[in-house]
Amino acid sequence: MVKVISLMKRKEGMSIEDFRQWVFEEHSQLGAQFPGIRHYRVSAVLPEYADGPYDAVNELYFDEYEDFIAALQTDIGAQTGADIKAHCAEDRFRLVTDEKIIVE
């Protein structure tokens with residue numbers, strides 16, 4: 001299983017409350033439409049912790065790396081990328097990993 005972890009910081013001037021609403025209610029609806037997605041988790045910092053380097057973590061799971069790349073190349077992939085650019089700082093960080101579950 002391939003796990004894509006995206007660490008996101010809101011754009012300057014955007015409140016943490018607005019960012020949390022966007023990531024939970026709007027952006028997540030786009031990501032959920034990726035073809036081939038197996039699991040999708042979104043976490044956002046509590047407002048009391050909004051002074052850190054990142055405000056949210058998205059975790060997307062695909063069977064294979066090629067499934068992730070194919071999803072990015074779709075219309076929904078383009079829409080999702082544009083949505084991120086509109087709401088997030090440029091220093092977003094992405095890890096593309098192999099995941100092995102040790103304890104479940």
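The values are calculated or read from the model by the stated rules, or taken from the named source; none is laboratory data. Note that the structure is predicted; figures quoted are calculated from it, not measured. In this analysis, Cβ positions are derived from the backbone assuming ideal geometry, glycine residues included, and neighbour counts consider all displayed protein chains. The protein model used for the area step is the full one, side chains on, heavy atoms only, and it has no ligands, DNA or RNA in it. Shrake-Rupley method; radii C 1.70, N 1.55, O 1.52, S 1.80 Å.
Below are the figures for this structure:
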read-out	value
Cross-link partners of Lys100 among lysines (Cα-Cα below 20 Å; sequence separation of 8 or more within a chain)	Lys3
Cβ-Cβ FRET estimate between Val96 and Glu25, R0 fixed at 22 Å, reported to 0.05	0.30
Whole-number accessible area per residue in Å² for the chain, which is evaluated in the context of all protein chains at 1.4 Å	63 Å²
Surface share of carbon and sulfur [accessible, 1.4 angstrom probe, percent] for the chain	51 percent
Restricting the stretch 21-92 to trypsin sites (Lys or Arg not before Pro) in coil, as DSSP defines it, with at most 15 other Cβ within 10 Å	Arg92
GNM top mover of Leu30, Leu46, Leu72 - the chain, alpha-carbon springs below 10 Å	Leu46
Theoretical gain in end-to-end length, Glu66 to His39 [0.36 nm per residue, Cα-Cα removed]	8.1 nm
Candidates per GluC sites (Glu not before Pro) in the stretch 1-95, loop by DSSP, up to 14 other Cβ within 10 Å	Glu12, Glu64, Glu90
About the Cα centre, charge dipole magnitude for the chain (Lys/Arg +1, Asp/Glu -1 at Cβ), debye	80 debye
Protein-only accessible surface order, largest first, of His27, His87 at 1.4 Å	His87, His27
